[in-house]
Amino acid sequence: MATLVHTLADHSDDVNYCAFSSSCLATCSLDKTIRVYSLNNFTELPYSPLKGHTYGVHCCCFSPSGRVLASCSTDGTTMVWDAGDGRVLAVLAQPSGSPVRVCRFSPDSTYLVSGAADGSLVLWNMQSLKLYRSGNVKDGSLVACAFSPNGNFFVTGSSCGDLAIWDDKMRCLCNEKAHDLGVTCCDISSQPISDGEHGFRYFQMASCGQDNHIKLWLIVFADFLGAELKYKYTLNGHSAPVLACAFSYDGQMLVSGSVDKCVIIYETTTGNTLHTLSQHTRYVTTCAFAPCSPLLATGSMDKTVNIWHFDLKQPCAANTVENESEVAVEDWSEDDVSAWLCAQDLADFVGLFKRNNIDGKELLNLTKESLANELNIESLGLRSKVLQKIEELRMKMISVTVPDEFLCPITRELMRDPVIAADGYSYEKDAIENWISNKRRSSPMTNLPLPSLVLTPNRTLKMAISRWLETQQK
């Protein structure tokens with residue numbers, strides 16, 4: 001069930017794009033501004049709105065770590081902002097001066113792509129903030145772009161209807177006519193698909209266009225084959241051009257927005273329609289799923305952004321565990337480790353781990369000393385975050401048969417600090433506090449109103465979990 005939980009109405013003109021980090025939502029508009037909101041209560045951050053573009057802002061995106069925000073505009077520039085305080089870090093001018101329609105960070109934050117109305121395409125080096133390579137699509141304006149989860153390639157879509165696959169040397173590996181009347185958007189699922197028959201790793205991609213269609217594709221990338229784009233099937237449901245599409249973080253859902261003012265959410269494995277949302281009063285121009293919470297944002301020419309909440313039994317973290325369990329962690333390849341890093345909001349480390357050939361076995365053997373001395377991760381906070389995620393992974397390996405009463409009903413993860421809510425159920429303290437802070441006053445289990453917001457520590461359950469953990473670690 002999708003529930004509208006908040007509407008943002010701060011922009012004074014069409015909303016063109018919205019993007020999530022793990023803690024924030026950014027929106028941009030023809031009103032020349034970018035606005036940034038906290039996901040805790042959807043209040044605007046103190047430094048917002050960001051002003052610097054002299055014409056409408058077409059697109060915005062966060063770096064994988066969420067520390068940097070990029071935006072691009074009709075003024076021919078891509079601006080890079082510090083997401084912590086709103087400072088301008090760089091103004092990157094498209095060499096041709098053409099209006100910039102789309103921008104995207106690579107999964108390891110090494111590059112930023114900007115694509116323009118004249119078909120020009122630039123890869124910016126994010127360390128030097130200088131132009132690295134440039135190119136051009138064959139025909140039309142460049143209006144869409146998406147990186148593969150491993151960062152080996154990216155896809156562009158043009159107004160002439162072509163989808164092109166590029167490597168990081170700006171070589172065009174494949175060009176396919178996809179939508180007769182022009183591509184409007186494309187997205188690649190963060191969860192790769194393995195093909196046991198040939199041993200290749202496929203990536204699922206969606207594209208949408210002026211032809212009212214959403215097409216699902218499989219991309220295979222191999223050094224000896226180049227890249228291949230395989231048509232999978234077409235999703236129907238919209239009665240007008242489709243302007244936006246995006247995968248959920250686990251790849252199980254796809255959302256789209258259209259000129260018909262509707263938002264449709266599909267199940268990707270079957271193509272079935274899960275939800276149709278019709279609250280916007282004008283064209284829906286953008287939609288995005290949050291990476292680590294069951295939230296969806298949709299933006300429109302009606303100048304608003306709607307925030308939706310999904311009452312999912314298993315949030316994205318639990319789905320990730322489900323995928324991980326298919327292959328033993330110690331048997332993970334380097335690509336499996338890269339996919340895991342992306343799922344844990346650690347995509348900035350993908351390049352570093354690949355350079356050091358970290359596979360599943362090496363991952364489980366990492367320590368604070370090896371992270372500091374061998375991988376040269378200087379930040380104590382980042383080292384701690386990586387170690388915490390690795391420890392969680394180790395715990396999941398030994399806790400495949402965790403008693404259900406030890407799992408938080410919200411996160412479906414082992415509780416560390418259980419509390420009893422007014423509905424009589426026990427939850428992980430942080431999870432239920434976050435639930436309540438997002439202005440939800442109903443029980444996560446019964447959906448009935450909570451008579452009280454008081455949370456009581458469940459010491460008996462906490463002791464039982466501790467005793468169980470001790471038996472698992474012997």
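Worth a mention:
- Look at the alpha carbon pairs under 8 Å that are at least 6 residues apart: their mean separation over the length of the chain gives a relative contact order of 10 percent.
- Backbone amide hydrogens, once placed in the peptide plane, bring Val57 within less than 5 Å of Ser29, Leu30, Asp31, Lys32, Thr33, excluding anything fewer than 5 places away on its chain.
- Three-way shape label, the range 2-310, alpha-carbon gyration tensor, a/c 1.5: rounded
- Those chymotrypsin sites (Phe, Trp or Tyr not before Pro) in the range 403-474 that DSSP places in a loop and that have at most 14 other beta carbons within 10 Å: none
- Over 19 Å between alpha carbons, listed pairs Lys169/Lys215; Lys177/Lys232; Lys389/Lys462: Lys169/Lys215; Lys389/Lys462
- Backbone N under 18 Å from the Leu4 label point (7 Å along Cα→Cβ), restricted to the range 26-45: 42
- The range 329-398 shape via C-alpha gyration tensor axes, a/c threshold 1.5: rounded
- Theoretical FRET efficiency, 1/(1+(r/R0)^6), r = Cβ-Cβ of Ala372 and Asn41, R0 51 Å, to 0.05: 0.90
- On the beta carbon distance between Asn447 and Asp417, with R0 = 30 Å, the FRET formula returns roughly 0.80.
- On the beta carbon distance between Glu228 and Ser384, with R0 = 60 Å, the FRET formula returns roughly 0.90.
- Estimated distance in nm for a label pair at Asp430 and Val454, the labels positioned 7 Å out from Cα along Cα-to-Cβ: 2.6 nm
- Gyration tensor verdict on the range 7-129 (Cα atoms; rounded if a/c is under 1.5, prolate if a/b is larger than b/c, oblate otherwise): oblate
- Dipole magnitude of the chain about its Cα centre (Cβ charges: Lys, Arg +1; Asp, Glu -1), debye to nearest 20: 840 debye
- Sites excluded, GluC sites (Glu not before Pro) in DSSP loops with at most 12 other C-beta within 10 Å, longest stretch of the chain: 1-196
- The chymotrypsin sites (Phe, Trp or Tyr not before Pro) found in the range 18-99 that occupy coil by DSSP, while having at most 15 further C-beta atoms within 10 Å, are Tyr47, Tyr55.
- Theoretical gain in end-to-end length, Cys174 to Thr281 [0.36 nm per residue, Cα-Cα removed]: 34.7 nm
- Chain lengthening between Asp167 and Glu362 when straightened (0.36 nm per residue, less Cα-Cα): 67.4 nm
- Taking the range 329-398 and dividing mean pair separation by its residue count, relative contact order in percent (alpha carbons under 8 Å, at least six apart): 32 percent
Every number here is computed from the coordinates shown, using simple stated rules; none is lab data. Keep in mind that this is a model prediction, so the values were computed, not measured. Note that we place each Cβ from the backbone using ideal geometry, even for glycine, and neighbour counts take in every protein chain shown.
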